[in-house]
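A quick write-up on the structure given underneath.
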Amino acid sequence: GISLISGTGSLAYGRDAHGKSRRVGGWGPGLGDEGSGYWLVVEGLRALVASFDGRQAETGLTSRLLSKLQIKEARELPHWFRLNSRETIAGLAPTVLEAASESDPQAMELCERAAADLETMIASVANQLGLEDGEFELVLAGGLLSNQTEVALALRERIEAPSLSPATIHTSQD
């Protein structure tokens, strides 16, 4: 089976019936962690600075993030970012998820991208282990997947499609 974890970071780990195992992801914030809470927030912050620069439209997500960070303008963001830990930054994921649940287009797009990255991680492990569709169990864990977040919902739609269909899907509570 395969376990997929998406919380502060992200990784997929699988083992076949013969004990062969593979890990995909878990490279940390500088090299990966796509689809994680940290990644989701950093991408939201990138959208914020892009809107500040006029490279894309401002949405409710950008104003929510500014409000949550308690900074008056985006120019203060680099200083805030340097001062805060990976866990603190990832702790803002509910702000992005809330915006997505209220149909903010930027936040929804970020959740879809996260789900696509997580699906790719599952598919990579399954492929490396020779696990056939419908012949493996999948366990979803971590804050973004254990709850009914927009990322979890988008991921379930993707993995229940014919291209990647585990026999069973379990959700592990934190």
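The values are calculated or read from the model by the stated rules, or taken from the named source; none is laboratory data. Note that the structure is a prediction, hence the values are computed from the model and not measured. Reconstructed Cβ throughout: ideal geometry from the backbone, glycine too, with neighbour counts over all protein chains shown. Note: areas computed on protein heavy atoms with side chains; ligands, DNA, RNA excluded. Shrake-Rupley method; radii C 1.70, N 1.55, O 1.52, S 1.80 Å.
A few remarks follow.
- Solvent-accessible surface of protein heavy atoms, probed at 1.4 angstrom with all chains present, puts 18, 170, 79 in the order 18, 79, 170, largest first.
- Size of segment 67-174 from its Cα atoms: along the principal axes, largest to smallest, the extents are 52, 27, 23 Å.
- Dipole of the chain computed with +1 at Lys/Arg Cβ and -1 at Asp/Glu Cβ about the Cα centre; of 52, 6, 172, farthest Cα towards the positive end is 52.
- Overall form of segment 59-107 per C-alpha gyration tensor (a/c, 1.5; a/b vs b/c): oblate
- Candidates 89, 71, 159: whichever shows maximal mean-square fluctuation once the chain is modelled as a Gaussian network with Cα springs under 10 Å: 71
- Computed label-point distance, nm, for sites residue 172 and residue 72 using a 7 Å Cα→Cβ extension: 4.6 nm
- Per residue, the chain reaches -15000 deg cm²/dmol at 222 nm when only DSSP H runs of four or more residues are counted, each adding -39500 (n - 2.57).
- Of the DSSP H helices in the chain, those whose Cα atoms cover at least 20 Å axially and whose Kyte score averages -1.0 or more: 37-53, 105-129
- One Cα centroid belongs to segment 1-75, the other to segment 92-159; the line between them spans 12 Å.
- Highest-MSF residue in the chain out of 133, 53, 33 [GNM, Cα springs under 10 Å]: 53
- For a label point 7 Å along the Cα-to-beta-carbon line of residue 49, residues of segment 81-114 with backbone N under 13 Å: 81-83
- Sparsely packed loop sites in segment 59-114 (the trypsin sites (Lys or Arg not before Pro) outside DSSP H, G, I, E and B with at most 14 other Cβ atoms within 10 Å) comprise 72.
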